[in-house]
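The values are calculated or read from the model by the stated rules, or taken from the named source; none is laboratory data. The structure displayed is predicted, hence computed values, not measured ones. Neighbour counts are summed over all protein chains in view; Cβ atoms, including those assigned to glycine, are modelled from backbone coordinates with ideal geometry.
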């Protein structure tokens, strides 16, 4: 709750210095969890989103948090025991953001496997989200997933889950269970399973195509595999990506819903008794 206004000697209402210091300390403490989430979550943590924009987002959300969530007293925040509280708040925000990042990495992994199978692994460029070299097919999958994430207000759902975590995991001395580690490991395993599901339709056809090309070049050695097989593989890959766009969109939508569900289970797992 905000401290009461106190009248200054000049008759102008204002905040006492002690009350202002207490409010500022509680405000900074409220920014820890949501700030860690914004710095680690997909879309918010992209390189094209500058650091001042992330800070502004964290500050705006923290204004609502301070007005609706009971924060520890300033005297408790100034004590040595608050160090573990700060680390806990940062851990909750980072865990929620990294779970989403792990799920989103499945799309990039699926695109990389398709590109390498089709011989397009060398066709790489700088990913605007991470700043690293990524095959263009992996970037297509990642941008497709980000567009779906924003189109269905997935970023708003993620922020709402973090805000609800202040009720499930209130700031202060309460300690979470081991659900963070367990759900993090579960998200990593699901990343590989989801990557297989996303790339399997295209990779299976390309595998059969490579077998056919190998049989043809074996029966007709005069055919140049680079002049015959490589253009055919690229053409079939582009046609398959075009034909599976609708199915891929539905699969990415289900994948995003599963990621948000896993994030919700993670933020609620600290109070379900799993110690």
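Here are some notes:
- Which numbered condition residue 114 fails, given (1) in contact with a strand residue (DSSP E or B) (Cβ under 9 Å, 6 or more places away or on another chain); (2) modelled with pLDDT of 85 or more; (3) within 23 Å of residue 49 (Cβ to Cβ): (3)
- Pairs with Cβ under 7 Å, 6+ apart, first in the range 129-144 and at negative phi and assigned to a loop (DSSP other than H, G, I, E, B), second modelled with pLDDT of 80 or more and surrounded by 20 or more Cβ atoms within 10 Å (Cβ to Cβ): 129/142
- Candidate set: the range 121-139, residues that are surrounded by 18 or more Cβ atoms within 10 Å (Cβ to Cβ), out of contact with any helix residue (DSSP H, G or I) (no Cβ under 6 Å at 6 or more places or on another chain) and within 23 Å of residue 236 (Cβ to Cβ); chosen: the one modelled with the lowest pLDDT: 134
- Residues that are assigned to a helix (DSSP H, G or I), modelled with pLDDT of 85 or more and surrounded by fewer than 15 Cβ atoms within 10 Å (Cβ to Cβ) occur in the range 161-180; there is at least one.
- Boolean, residue 199 is in contact (Cβ under 8 Å) with a residue 40 or more places away in the chain and either out of contact with any helix residue (DSSP H, G or I) (no Cβ under 9 Å at 6 or more places or on another chain) or closer than 22 Å to residue 115 by Cβ (or both): yes
- Matching residues, the range 39-67, being in contact (Cβ under 8 Å) with a residue 60 or more places away in the chain and assigned to a helix (DSSP H, G or I): 40, 61, 64, 65, 66, 67
- Set side by side, the residues 74, 46 differ, and just one is within 22 Å of residue 155 (Cβ to Cβ), in contact with a helix residue (DSSP H, G or I) (Cβ under 9 Å, 6 or more places away or on another chain) and either at pLDDT 80 or above or surrounded by 11 or more Cβ atoms within 10 Å (Cβ to Cβ) (or both), which is 46.
- Of the set (1) modelled with pLDDT under 85; (2) surrounded by 11 or more Cβ atoms within 10 Å (Cβ to Cβ); (3) closer than 30 Å to residue 33 by Cα, all apply to residue 233 but (3).
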